[in-house]
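Written below as structure tokens is the structure these notes are about.
The values are calculated or read from the model by the stated rules, or taken from the named source; none is laboratory data. Fair warning: this is a prediction, and the values are worked out from it, not measured in the lab. Here Cβ is always computed from backbone atoms with ideal geometry, including for glycine, and neighbour counts include all displayed protein chains.
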Amino acid sequence: ETGVTQTPRHLVMGMTNKKSLKCEQHLGHNAMYWYKQSAKKPLELMFVYSLEERVENNSVPSRFSPECPNSSHLFLHLHTLQPEDSALYLCASSEGLAGMYEQYFGPGTRLTVT
Amino acid sequence: RKEVEQDPGPFNVPEGATVAFNCTYSNSASQSFFWYRQDCRKEPKLLMSVYSSGNEDGRFTAQLNRASQYISLLIRDSKLSDSATYLCVVNPDTGRRALTFGSGTRLQVQP
């Protein structure tokens, strides 16, 4: 497999559930990102990891908890979400911390919170 | 003022037309600029970087105007396959670890 993969592609969960989103990159990149994309809004950066260390956390509610066990894998653990958290969650990776590096995105997980 | 602003469109143009989008950014210290393309219900993909001197890739031309703080994307001889949302992307300053995305401009090329 190549590029950036994400599972699941679609997820419906209740507000009391706990679930996890998984991202895997096969590009040998050192930086990974979580973004949220809501309808008619720009991509919102949530978390940035560089070499498995979190380097940025953009005031994301604690009901979203990232985990980066190694440079190829990134998880987003979800618990007690709200309906307004329904969105497309995109994972991306880049060779180094962005600024100058192209980001490669996964296909996203479309999350619906009921 | 938003960090990156784009006209949401949609821009409806016939095949073969030339169309241009602008994007303004608020931080004059911004260093890196890109155009990404996002097809409906798909992930964004890099279309092209934007260099200070301007750059061209086939039918696509990108320009940077630092004085007025905007970048532009020109598409010549539009194809049906160019229909997508075009995202303006900026690295606001050298201290930031990630990029700031605009909301996108939607282009619909019609036969």
>> Only one of B:Thr24, B:Thr85, B:Thr18 is of a type in the set (Ser, Thr, Tyr) and under 23 Å from A:Ser94 (Cα atoms). Can you tell me which?
In response: B:Thr85
> Within the stretch B:1-31, can you find the residues that are away from chain A (no Cβ under 11 Å) and among the aliphatic types (A, V, I, L, M)?
Replying inline: B:Val13, B:Ala17, B:Val19, B:Ala20, B:Ala29
>> Residues that are at pLDDT 95 or above and touching a helix residue (DSSP H, G or I) at 6+ places or on another chain (Cβ under 8 Å): list the strands (runs of 3 or more DSSP E) wholly contained in the stretch B:6-111 that include at least 1 such residues.
In response: B:70-75, B:105-110
> If you go through the stretch A:60-73 one residue at a time, do you hit one that is within 14 Å of chain B (Cβ to nearest Cβ) and among the β-branched types (Val, Ile, Thr)?
Replying inline: yes
> Which members of the stretch A:36-53 meet the condition of being facing another protein chain (nearest Cβ under 10 Å) and exposed (fewer than 13 other Cβ atoms within 10 Å of the Cβ)?
Replying inline: A:Lys40, A:Lys41
>> Can you list the strands (runs of 3 or more DSSP E) lying wholly within the stretch A:29-114 that have 3 or more residues being more than 11 Å from the chain's Cα centre (by Cα)?
In response: A:53-57, A:109-113
